[in-house]
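Since the structure comes first, as structure tokens, the remarks are kept for the end.
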Amino acid sequence: MMVIGDSFTVGSGPVPRWRAYACEAARLLGWQPVIAGAGGTGYLSRGRAGRTFQESFEAELAWRPAPDVLVISGGHNDLRWATPDVGRAAAKLAATAGARWPHTRIVLVGPIWLDTPPRKAYQIRDALAEVAGGAGIDFLDPLERHWMTGAREKVLLPDGVHPTRSGHLLLARWLAGELSV
């Protein structure tokens, strides 16, 4: 399983990459994870790493043998761009990955918010769902879930955005369950 994503995917703060939800989901499924991306990145957002998801795909993944599953998870950092532009960038990445690995299952995961998302997150989610539908690939929607079931500090780091270790485990169990279907 290969995953492209942002700080949720690669871990942040006290949660290292190998304990972030993407690696944990792969572990739960008995799969080998290969994780690409960086904090602050997105379909259009270059983050501190100075690259988009497309550029992370090309630099970190495209040269590797085809995975069984490619998960592209993000949109959280793309709120300041026009939604149609985000959709076009997601469609380009999905098409590039599909052409490179025609037998790989590609899954788009919408923006992750463990607490109350801003309205624009739903617009990005809808654009990504439309891209997935048009490309005939799976779409998973973390915004449809209610993640805060107990004390906020058990799920979110003090920044109020990124997941704690427990928050990552919630995401990992959800993703593993969705991917095993």
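Looking only at the range 163-175, which residues are open to solvent by less than 40 Å² (accessible area, probe 1.4 Å) and over 22 Å from Asp126 (Cα atoms)? Even if it seems obvious, please write down each step before you answer.
The initial filter retains those residues of the range 163-175 that are open to solvent by less than 40 Å² (accessible area, probe 1.4 Å), namely 163-164, 167-168, 171-172, 174-175.
Answer for the range 163-175, where residues must be open to solvent by less than 40 Å² (accessible area, probe 1.4 Å) and over 22 Å from Asp126 (Cα atoms): Pro163, Thr164, Gly167, His168, Ala172.
Listed residues Gly47, Gly40, Gly5, Gly74; which is under 24 Å from Gly160 (Cβ atoms), in contact (Cβ under 8 Å) with a residue 40 or more places away in the chain and surrounded by fewer than 19 Cβ atoms within 10 Å (Cβ to Cβ)? Spell out the reasoning first.
Numbers: Gly40 fails: in contact (Cβ under 8 Å) with a residue 40 or more places away in the chain; Gly5 fails: surrounded by fewer than 19 Cβ atoms within 10 Å (Cβ to Cβ); Gly74 fails: surrounded by fewer than 19 Cβ atoms within 10 Å (Cβ to Cβ).
When all the criteria are applied, what remains is Gly47.
Within the range 95-110, track down each residue that is open to solvent by 10 Å² or more (accessible area, probe 1.4 Å) and assigned to a helix (DSSP H, G or I).
Within the range 95-110, Ala95, Thr96, Gly98, Ala99, Arg100 qualify.
I'd like the full set of residues that are open to solvent by less than 50 Å² (accessible area, probe 1.4 Å), of a type in the set (A, V, I, L, M, F, W, C) and not in a helix (DSSP H, G or I), limited to the range 50-71. First the steps, then the outcome.
Taking the range 50-71 first, the residues open to solvent by less than 50 Å² (accessible area, probe 1.4 Å) are 50, 52-54, 56-57, 60-62, 67, 69-71.
Then drop every residue that is not of a type in the set (A, V, I, L, M, F, W, C), which leaves 53, 57, 61-62, 69-71.
If the condition is that a residue be open to solvent by less than 50 Å² (accessible area, probe 1.4 Å), of a type in the set (A, V, I, L, M, F, W, C) and not in a helix (DSSP H, G or I), then Ala62, Val69, Leu70, Val71 are the ones that fit.
Could you say which residue among Pro84, Pro102 is under 24 Å from Pro33 (Cβ atoms) and more than 13 Å from the chain's Cα centre (by Cα)? Step through it out loud before you land on a result.
Numbers: Pro84 fails: under 24 Å from Pro33 (Cβ atoms).
None of the others qualify; the one that does is Pro102.
If a residue must be out of contact with any Pro (no Cβ under 8 Å at 6 or more places or on another chain), closer than 25 Å to His103 by Cα, open to solvent by less than 50 Å² (accessible area, probe 1.4 Å) and among the small types (Gly, Ala, Ser), how many such residues does the range 125-160 contain?
2
The values are calculated or read from the model by the stated rules, or taken from the named source; none is laboratory data. These numbers come from a predicted model, not from an experiment. Positions of Cβ are backbone-derived with ideal geometry, glycine not excepted, and every protein chain shown enters the neighbour counts. Side chains are part of the model used for accessible areas, which takes the heavy atoms of the whole protein and leaves out ligands, DNA and RNA. Shrake-Rupley method; radii C 1.70, N 1.55, O 1.52, S 1.80 Å.
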